[in-house]
Amino acid sequence: MTVVTPRVSRSRKAVLVLLRTATGLVLAAAALGAVYGLPGLVDAIVRLAGDVPGLWEELTADSP
């Protein structure tokens with residue numbers, strides 16, 4: 001059986017707190033990136049969807 005000293009226990013707790021904090025910061029950054037990037041992404045998709053009929057006509061047009 002392994003004996004865990006109080007010092008080791010504190011160190012483990014500190015490492016876990018740091019990992020949880022880092023995970024929270026990464027998730028928060030990802031959420032903010034999604035929130036701020038979403039309008040531009042939606043705009044690009046809408047523009048592309050508006051161009052699809054013209055692109056389709058261009059692709060399916062008979063070449064002279």
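Numbers below:
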quantity: Contacts under 8 angstrom Cβ, first residue in segment 9-23 being among the hydrophobic types (A, V, I, L, M, F, W, C), partner at pLDDT 95 or above and part of a helix (DSSP H, G or I), 6 or more apart; calculated: none
quantity: Filtered residues of segment 19-64 (kept if in a loop (DSSP other than H, G, I, E, B) and polar (S, T, N, Q)); calculated: 63
quantity: Residue, modelled with the lowest pLDDT, within segment 1-13, restricted to residues that are open to solvent by 90 Å² or more (accessible area, probe 1.4 Å) and outside any helix (DSSP H, G or I); calculated: 1
quantity: Residue check, residue 40 under 15 Å from the mean Cα position of the chain (by Cα), surrounded by fewer than 10 Cβ atoms within 10 Å (Cβ to Cβ) and either at pLDDT below 95 or β-branched (Val, Ile, Thr) (or both); calculated: yes
quantity: Condition check for residue 16: assigned to a helix (DSSP H, G or I), of a type in the set (A, V, I, L, M) and open to solvent by 100 Å² or more (accessible area, probe 1.4 Å); calculated: no
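The values are calculated or read from the model by the stated rules, or taken from the named source; none is laboratory data. Owing to the predicted nature of the structure, the values given are computational and were not obtained by experimental measurement. Positions of Cβ are generated from backbone atoms using ideal geometry, with glycine treated the same way; all protein chains shown enter the neighbour counts. SASA here: full protein model, heavy atoms, side chains in, ligands and nucleic acids out. Shrake-Rupley method; radii C 1.70, N 1.55, O 1.52, S 1.80 Å.
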